[in-house]
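Just so it is clear, none of the values below were taken in a lab; they were calculated from the coordinates. Model, not experiment: these values are computed from the prediction. Counting neighbours? That spans all protein chains shown, and the Cβs are built from the backbone with ideal geometry, glycine included.
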Amino acid sequence: MSGQFEIGSKHIEYKKLANSAIEEVKSGNFNDVVKALYKKSYCVVPSSDAAYDDYLGAVVSIEEIAKSAPQVASVMVDQMIAQEILCRFGTQDGQKEFSQDYIYAVLCSEPGLTTINSITTKAVKTANGWKLNGKKSITGEQLNSDKFLVFAKDEDNKVRVFVISKSNLNLNQVSKSVAGSDVVLNQLSIDLEVQDNNCAATLNDDYEKVQCIARTYIAAVSLGIGHSAIVSSIITAKEVKDSNNQSISNTQSIQFALADMYAEHDAARMLTYYSANLIDNNKPSIKFATMAKVQSTDSAAAISVQALQIIGNLGYLANTDFADVIQAAVNGQIKGGTNRVQKNQIYQYMLAKK
């Protein structure tokens with residue numbers, strides 16, 4: 001099976017091109033960088049006109065961009081998922097809605113959500129359109145989006161997707177006390193009426209394929225984060241000297257730590273590439289996509305914290321930049337459905353296998 005995880009010269013070239021692309025445009029805010037990547041044919045579904053022509057190509061490109069700009073890669077993923085949804089399930093107006101002039105945020109997650117069928121945000125048909133009511137969870141980088149794809153369930157239990165402008169949504173910040181500190185969570189409160197043409201798509205049973213794509217993309221972002229953390233750890237371990245003036249990279253404790261980091265990261269990469277390869281071969285597997293997402297995001301979070309321990313040997317603390325890296329890694333564990341919920345789904349596959 002391992003041979004299926006290997007990438008060929010075409011995908012190696014995609015990685016190089018993605019690295020060059022992000023190096024050229026990565027200065028600036030998220031939206032400006034993403035729009036610059038749009039112009040370079042990134043942030044879109046794979047095609048002959050894009051910077052990659054298959055899903056494995058998209059994955060290696062996302063991974064490469066995430067190595068130096070994880071927040072940008074995360075926003076990039078939202079654009080790609082938004083286009084998938086609008087192109088596959090969109091109405092005529094919905095399919096025309098997607099525009100590279102806007103930054104989109106996909107708002108499916110909500111407090112207490114376990115699966116897409118558990119959505120509590122309601123869409124009630126009115127004489128002039130739709131009445132929407134509910135709450136959505138939103139990540140920090142999504143706050144700067146121009147438009148939001150809001151998932152809601154209608155009176156027939158169909159999941160509909162509404163395109164809502166930023167100005168029509170209200171942001172609430174919920175404070176939770178954790179270990180004596182106030183943790184602020186972002187939520188969007190939705191209570192508004194919209195027109196018929198705001199309903200851009202109605203999902204059907206084929207949505208599982210989009211979930212496979214989304215989870216594989218989220219895994220790719222985490223691969224980039226994990227890779228950078230490992231590289232930084234290796235460089236630091238070679239620089240720091242022990243009491244005998246020897247690099248701590250020569251000690252077994254550091255070697256074992258780095259080996260564990262590498263093994264976990266490489267397992268995540270193989271799962272992610274394999275999931276993308278299945279999608280390209282029209283055999284998308286929600287099981288492998290979920291395992292890739294869980295393994296990649298969990299390992300990125302653990303590797304980032306371990307990297308901080310090693311970098312701390314040089315006297316560094318968790319400054320703002322590195323705190324952002326850890327936050328990006330942890331966000332991956334939540335985005336697209338929490339890993340705790342998705343591990344339960346993996347367990348269900350285990351039961352079915354038995």
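Worth pointing out:
- Listing 207, 273 from fewest to most neighbouring C-beta atoms within 10 Å gives 207, 273.
- Order of 132, 308 under a 10 Å beta carbon neighbour criterion, fewest first: 308, 132
- Of 290, 328, 186, farthest towards positive along the dipole that unit charges on Lys, Arg, Asp, Glu beta carbons give the chain: 290
- Gain upon complete extension [residue 247, residue 27; 0.36 nm per residue less C-alpha separation]: 75.8 nm
- Among 215, 340, a tally of other beta-carbon atoms within 10 Å of each Cβ gives an order, fewest to most, of 340, 215.
- The range 251-307 and the range 98-164 have Cα centres separated by 30 Å.
- Computed about the Cα centre, the dipole magnitude for the range 207-353 is approximately 600 debye when only Lys and Arg (+1) and Asp and Glu (-1) carry charge, each at its Cβ.
- Top positive-direction residue, dipole computed over the chain with Cβ charges, set 126, 58, 102: 126
- Per-residue HN-Hα couplings for the range 289-299 [Karplus 6.51, -1.76, 1.60; θ = phi - 60°; Hz; x = Gly/Pro]: 5, 5, 4, 5, 5, 5, 5, 5, 6, 5, 5
- Size of charge dipole - the range 2-89 - debye, nearest 20, with Cβ of Lys, Arg +1 and Asp, Glu -1, no other charges: 160
- Each peptide among 46-54, 11-19 gets the average number of other Cβ atoms lying within 10 Å of its residues, and from highest to lowest they stand as 11-19, 46-54.
- Folded to 0 to 90 degrees: helix 70-89 orientation relative to the chain principal axis, Cα: 30
- In the elastic network of the chain, a GNM with C-alpha springs shorter than 10 Å, the most mobile of 256, 98, 288 is 256.
- Top of 106, 60, 25 by mean-square fluctuation, Gaussian network on the chain, Cα under 10 Å: 25
- Equivalent-ellipsoid semi-axes for the chain (Cα gyration tensor, √(5λ), whole Å, largest first): 35, 23, 20.
- Gaussian network model of the chain, Cα within-10 Å springs - most flexible of 140, 28, 336: 28
- Crossing angle, helix 30-39 versus the chain [Cα axis fit, 0-90 degrees, rounded to tens]: 80
- Packing, as the average of other Cβ atoms within 10 Å across residues, places the peptides 118-128, 225-235 in the order 225-235, 118-128, highest first.
- Only Lys, Arg (+1) and Asp, Glu (-1) charged, at Cβ; the chain dipole about Cα centre in debye: 640
- With the simple model of a label 7 Å out from the Cα in the direction of the Cβ, residue 305 to residue 124 spans 4.4 nm.
- Cα long-axis angle, helix 252-280 against the chain (0 to 90 degrees, to the nearest 10): 30
- The calculated FRET efficiency for residue 92 paired with residue 157, based on their beta-carbon distance and R0 = 30 Å, is about 0.80.
- With the simple spin-label model, which puts each label point 7 Å out from Cα in the Cβ direction, the residue 68 to residue 49 separation comes to 2.8 nm.
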